[in-house]
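What follows is calculated from the coordinates using simple rules that are stated; it is not laboratory data. The structure displayed is predicted, hence computed values, not measured ones. Cβ atoms come from the backbone with ideal geometry, glycine included; neighbour counts cover every protein chain shown.
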Amino acid sequence: MRRDEDIEGLVRGIEGIHAALHEEGTDLSDRVAGAERAAELYHAFRERFFSKEFSMRAARKTPEGIAFEEFDWKALDV
Amino acid sequence: MDLFEYAEKMKGDAERAKAEDPAIFTVSEITSEIKALLTSRFGSERVWVKGEVSNYKGRNQSGHMYFRLKDAGAVINCVFFRGSNAKLKVDLKEGMEVLASGRLDLWDKGGNYQLILDEVRSGGVGELHLRFEALKKKLESEGLFAAERKRALPHFPAKIGLVTSSTGAVVRDIIHVIRGRCPGVEVLLFPVKVQGDGSAREIAQAIEALNDPTLGLDVLIVGRGGGSIEDLWAFNEEEVARAIFSSRLPVVSAVGHQTDFTIADFVADARAATPSHAAEITVPNQMELNQKVRMWMRAILQDLIHYRDLSSERLERLRSSQGLQDPKHRIQARTQEVDHLTQRLITALEEKRSDRKERFARAELLLGRLPARFLFPRKSRFERAASNLSILNPLSILSRGYSVVKSKAGRVVKSAGDVSVGDSIRVTLFEGEIACDVTKTSKD
């Protein structure tokens, strides 16, 4: 699974549980299991989505080919 | 002379006659013929002509322009009517190199052909425009712009490739938007020249390099800031268009401003009006998404609490119900109820039967009490009718010794003349029938 699909999977998972719990006939045990699963997904979502900080690298030509190194984006006065 | 030789001779004769007697046109006729020839070649087709402005005198009193376009070998008259020249963006001057478009026409009264112009551009820009149109047409015919090959952008890209200059407003704007919307995204910049010699090659090579799967990118943004058509030209080069087309990753083009369209925009999977817009359509808004997910989570929790309360309430009701508290008593009560209903049913059936019996007895009694004066006249009328019926009954006649004779066809024989000797007849008696053959007839 690619990373973007990973986060998308988490979001879609929570959305799916939210939709399913509104269906008629869902019993209590299913509701509890759904809520537990949603909590797990939400935890993973927050961890993945908020833990990282913005980072940027830039390509530089080297005698061996192309290398990517940290790019000082703060110097651009963003 | 065969038929073919005769046809050839006839054709030769006609041509000789024509040479000896050439057609004579009036000026109008020959002009009309020339006009027809011109129309058949160009029709209303728009043509582009490159040349130098000559004999230019600006707009006349009516606002129209009349001048010539020339090159080293020829000259052509041009008319630029007011309605069309109002949109002219260049300041025409004598000797200026231009690219003009319009349709060819023949002016009968002046006896010359001319170009009715609808657009004039200065020479350099005009040529770029022609190259743009030609490449656009070519790539479109090859399917590079086809809508069905456009790929959707990933909803949550983790790593974005950026092909642009490492300095200037574009990279700054893109970083600003991405950090504001989704700071967890990583950007891999491939700095390139975005104008001038070699820029197209650099852009194409950067796109190719960022497609390396080991880099783990999800999407590419290729762009630059606004400028003149010459400044943006690298994004109109075939090399860049083909690199975008061959890209494994979806490409967002972000070249110039909203009004600038480049070939790269047509080939890319998505076109952004500006570089900032490119960043907006490429990364999700983290805060909005988080709000949405939190809203779902809240709803899930509320739903659970609601359902728990509902279940608790039902449980309490069940617990306090009589059925659960004293089930034996409940069964006894039901048994008694069934007994009571059964008894009611039996009583109802008996009542119904007794009622019917009583009604029958009443009818019988009523018949016995009918007065004799009511019954007697009816009885004697009935006896008379029965006697009449007995007299008319054919069987009672037969019982007195008479019989009925019928022919073979079943007709009643009333006279000896109705039958002939040898006929078969049937005689019906009071009891049974006799089949007979006629041996003799007599009317006496």
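Values as computed for the structure displayed
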| quantity | calculated |
| --- | --- |
| Whole-Hz ³J(HN,Hα) from phi, Karplus 6.51 cos²θ - 1.76 cosθ + 1.60, for region B:257-263, glycine and proline x | 9, 4, 8, 8, 10, 10, 4 |
| Solution diffusion estimate, µm²/s, Stokes-Einstein, region B:321-444, Kirkwood Rh from C-alpha pairs, 25 °C, viscosity 0.890 mPa s | 105 |
| Equivalent ellipsoid dimensions for chain A as semi-axes, Å, which come from the Cα gyration tensor, largest first | 43, 13, 9 |
| Most fluctuating residue given options B:ALA272, B:ALA333, B:ALA206, as computed from a GNM of chain B linking Cα atoms under 10 Å | B:ALA333 |
| Gaussian network model of chain B, Cα within-10 Å springs - most flexible of B:THR428, B:THR347, B:THR214 | B:THR428 |
| Residue order, fewest to most beta carbons within 10 Å, for B:THR262, B:THR342, B:THR274 | B:THR342, B:THR274, B:THR262 |
| Prolate/oblate/rounded label for region B:1-157 (Cα gyration tensor, a/c 1.5) | oblate |
| Compactness of the protein assembly as shown - radius of gyration and Dmax, Cα, Å | 56.0, 158 |
| Local net charge near B:ASP423, Cβ-Cβ under 14 Å (Lys/Arg +1, Asp/Glu -1) | +3 |
| Cα shape, region B:66-117, gyration tensor, a/c 1.5 rule | oblate |
| Alpha carbon Rg of region B:123-203, scaled by the compact-globule rule 2.2 N^0.38 Å | 1.45 |
| With Cα atoms, 0 to 90° folded angle of helix A:28-50 axis to chain A main axis | 10 |
| 3J(HN,Hα) from dihedral phi, region B:384-389, Karplus parametrisation 6.51/-1.76/1.60, rounded to Hz, x for glycine, proline | 5, 5, 5, 5, 4, 4 |
| Taking N as its residue count, the alpha carbon Rg of region B:207-260 over 2.2 N^0.38 Å | 1.21 |
| Projected-area average for region B:249-311 over all orientations - Cα convex hull basis, square nanometres | 6.4 |
| Shape category assigned to region B:232-384 from the gyration tensor of Cα positions, a/c cut at 1.5 | oblate |
| Candidates per trypsin sites (Lys or Arg not before Pro) in region B:27-73, loop by DSSP, up to 13 other Cβ within 10 Å | B:ARG46, B:LYS57 |
| Compactness of chain B - radius of gyration and Dmax, Cα, Å | 58.3, 153 |
| As computed over region B:303-363, the Cα convex hull volume per residue (Å³) | 106 |
| D (Stokes-Einstein, µm²/s), Kirkwood Cα radius, region B:8-90, 1.567 mPa s at 4 °C | 76 |
| Semi-axis lengths (Å, descending) of the ellipsoid that matches the C-alpha gyration tensor of region B:137-269 | 21, 18, 14 |
| Dipole magnitude of region B:308-391, debye to nearest 20 (Cβ charges: Lys/Arg +1, Asp/Glu -1, about Cα centre) | 680 |
| Cβ-defined net charge surrounding A:MET56, 11 Å radius [Lys, Arg +1; Asp, Glu -1] | -1 |
| Estimated dipole of chain A in Debye, rounded to 20 [Cβ of Lys and Arg +1, of Asp and Glu -1, Cα centre] | 400 |
| Region B:373-444: GluC sites (Glu not before Pro) falling in loop per DSSP and having at most 10 other Cβ within 10 Å | B:GLU431 |
| Reach of B:LYS193 by Cα under 20 Å, taken over lysines that are not fewer than 8 positions away in the same chain | A:LYS61 |
| Assigned charges on the beta-carbon of Lys, Arg, Asp, Glu; chain B dipole about Cα centre (debye) | 4440 |
| Positive-pole candidate from A:GLY65, A:LEU76, A:SER55, dipole of chain A, charges at beta carbon | A:GLY65 |
| Proximal charge balance of B:ARG308 [Cβ under 13 Å; K/R count +1, D/E count -1] | -3 |
